[in-house]
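Q: I have a structure I would like to understand better, so I am pasting it below and will then ask my questions one at a time.
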C-alpha cells in the first residue's frame, strides 16, 4: 500500500488542488454551484428515467418491468421538473439536505451518548448538535437558504477534502510514512 501511495502522491496532490480550487469557487459563488448541482441532478434523473422507460418497454415481458416503468416515468418527471423549475429543485435539495443533517445529528448524539467511554465522545456529541443546528437553520430559513446552501456546503466539503488530499500527497511525496 505504501509503495502504491508513493507512486501516486502526485495524483493525490493534483486532486487536492482541484478540489481546493472548486471548493473556494463554490464558497465564493454558492448560488452558481447550487444551480449547477440542481441542473446536473435534473439531467441525470431525466436520462436515467428515459433509460429505465426504454428498458422496461424493451423487456416488457420480464417480471417487474411494470414497476421499473413506473420508477422510470417518475424519475423522468422529477428530472423535467428540476430542469423546468430550478428554484423549486433547489428548495427540494435544501429540504433533503436539512433532513439529512437532522438525521445525522440525531445519530451522532445517540452514538456519543452510547459510547461515553470513547475518548472523542464529546466531539461526536458536539458534531451532532452542530448538525442539528445546521438542519434547523436550513429548514427554518427556507426558501432564502435554497439558492446558496447546497453550493456553499458542497464547497466547504470540497475545501476540506482537497486540503487533506494535498497534505497526504505532499507528506507521501516527501517520504513521510503515513
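The numbers here are math on the coordinates, done by the rules we state, and not lab data. Keep in mind the model is a prediction, meaning the values are calculated, not measured.
Q: May I ask for the angle, rounded to the nearest 10°, between helix 121-140 and the longest principal axis of the chain, with both axes built from Cα atoms and the value confined to 0 to 90°?
A: Tilt of helix 121-140: around 40 degrees.
Q: Divide by every residue of the chain the summed helix terms, -39500 (n - 2.57) for each DSSP H run of at least 4, and state the resulting mean residue ellipticity at 222 nm, rounded to the nearest 500 deg cm²/dmol.
A: About -29000 deg cm²/dmol.
Q: Find the eigenvalues of the gyration tensor of the Cα atoms of the chain, then list the square roots of 5 times those eigenvalues as equivalent ellipsoid semi-axes, largest first, in whole angstrom. Display every interim value, and only then the final one.
A: On the way: eigenvalues 237, 122, 81 Å².
Taking √(5λ) for each eigenvalue gives 34, 25, 20 Å, largest first.
Q: Further question: Mind pulling the angle between the C-alpha long axis of helix 30-58 and the longest principal axis of the chain? Nearest 10 degrees, somewhere in 0 to 90.
A: 50
Q: Also, I was wondering about something else. What do you get for the angle between helix 9-28 and the principal long axis of the chain? Use alpha-carbon atoms, 0 to 90 degrees, nearest ten.
A: 70
Q: Hey, how much of the P(r) for the stretch 50-142 falls beyond 16 Å, as a percent of Cα pairs?
A: Roughly 67 percent, rounded to a whole number.
Q: Ok, one more. Take the alpha carbon gyration tensor of the stretch 1-77, find the square roots of its eigenvalues, order them as a ≥ b ≥ c, and report rounded if a/c is under 1.5; if not, report prolate when a/b exceeds b/c, else oblate.
A: The shape class here is oblate.
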